[in-house]
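Written out below as structure tokens is the structure these notes cover.
The values are calculated or read from the model by the stated rules, or taken from the named source; none is laboratory data. Not measured: the values here are computed from a predicted model. Heads up, the Cβs are rebuilt from the backbone with ideal geometry, glycines too, and the neighbour counts pull from every protein chain shown.
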Amino acid sequence: MNRIRILIFATSLLVFSPSAEAGLINSCVRTLTQLALPYAVEYHTGKTIRPLDPEADSSELILGERIGLGDRGGLYRIQKSSNITGVPPSFAGLVAKIPHTVRFSKDPKPHAQAELEMKREIHTYKLLESKWSEVERDVKFPNDPAWVKGAIPTAPIIKSFESKEGTVLIKPEIKGESLQAIYEKGKGNLSKEMKDSLREIYSTVKAISSQVKTPIEDSAGVWTEGRPFYTDINPANLVWVSNPAQMNLLGLKRPSFVFYEITPLINRMPQYLPID
């Protein structure tokens with residue numbers, strides 16, 4: 001029990017103090033946070049999720065296995081769904097992302113910073129959609145990338161709604177190995193195809209930071225522009241997609257790395273892997 005309490009305390013350092021200073025302390029807190037999260041946040045597998053206003057949106061879904069656990073939210077396969085309003089039938093294999101709720105809290109509501117992160121991701125995705133033509137015209141954008149014109153190399157947010165569990169994001173599940181897993185399994189060796197893909201991703205990141213500003217919500221709830229948009233290219237956030245059905249879904253002309261989610265880095269710098 002003491003160990004769990006220590007881990008929960010470590011989580012609270014990050015969750016309750018999102019502006020923690022960079023450096024060794026921040027790195028240690030992030031490491032402890034990853035260890036603490038499975039113990040500190042609610043586990044929603046098997047839970048039925050509905051919009052707050054069922055008359056306006058009759059969607060209903062049951063969460064299945066939790067397949068992702070981030071600092072602010074959990075990613076779950078949708079085990080069963082009924083009439084997910086606005087989602088085309090062609091989207092099979094859906095996942096839902098919901099904000100964290102502190103497990104031992106007296107007030108079991110989504111944590112405010114976790115809820116903000118869900119809204120930030122929605123706002124960011126819409127912002128990128130609106131700016132994407134400008135990103136594509138940037139001199140840093142890759143020539144003839146693996147994805148078709150107009151496609152953003154990430155899992156699209158195809159629906160979002162408010163629920164008692166907080167803001168819910170629905171996306172198609174991207175299946176494949178992460179860059180981190182491929183790199184570790186291959187002892188640092190990547191195929192030429194993968195290296196070329198990473199160059200395209202890194203060039204896209206540069207083009208985004210040239211054309212888009214990081215969205216920041218002020219005290220009045222208004223979104224404003226901050227520093228250049230530095231996309232999270234942590235190796236765990238890039239996945240290799242080579243399945244024809246998934247490639248078609250994401251608008252890929254050839255196998256490529258894509259982002260699990262395309263969000264800005266707020267308190268830390270991008271991580272890179274060396275490539276020849």
Please go through segment 246-269 and give me each residue that is in contact with a Phe, Trp or Tyr (Cβ under 6 Å, 6 or more places away or on another chain), closer than 17 Å to residue 179 by Cβ and at pLDDT below 90, ordered by number.
265
How many residues are in contact (Cβ under 8 Å) with a residue 60 or more places away in the chain and surrounded by 16 or more Cβ atoms within 10 Å (Cβ to Cβ) if we restrict to segment 74-86?
3
Among the residues of segment 206-224, is there at least one that is assigned to a loop (DSSP other than H, G, I, E, B), modelled with pLDDT of 85 or more, assigned by TED's automatic domain parsing to the domain that holds residue 55 and in contact with a Pro (Cβ under 9 Å, 6 or more places away or on another chain)?
yes
Among (1) small (Gly, Ala, Ser); (2) in contact with a Gly (Cβ under 9 Å, 6 or more places away or on another chain); (3) farther than 19 Å from residue 232 by Cα, where does residue 151 come up short?
(3)
Restricting attention to segment 121-140, and to residues there that are closer than 18 Å to residue 161 by Cβ and not β-branched (Val, Ile, Thr), which single residue is nearest to the chain's Cα centre (by Cα)?
121
Can you run down the residue pairs with Cβ atoms below 8 Å, 6 or more apart or on separate chains, where the first is in segment 196-208 and over 19 Å from residue 129 (Cβ atoms) and the partner is part of a helix (DSSP H, G or I) and not basic (Lys, Arg)?
198/179
I'd like to check which strands (runs of 3 or more DSSP E) are fully inside segment 68-165 and have at least 1 residues that are within 24 Å of residue 205 (Cα to Cα).
73-82, 94-99
Residues being crowded, with 18+ Cβ neighbours inside 10 Å and either in contact with a Ser or Thr (Cβ under 6 Å, 6 or more places away or on another chain) or not in a strand (DSSP E or B) (or both) - total across segment 244-257:
7
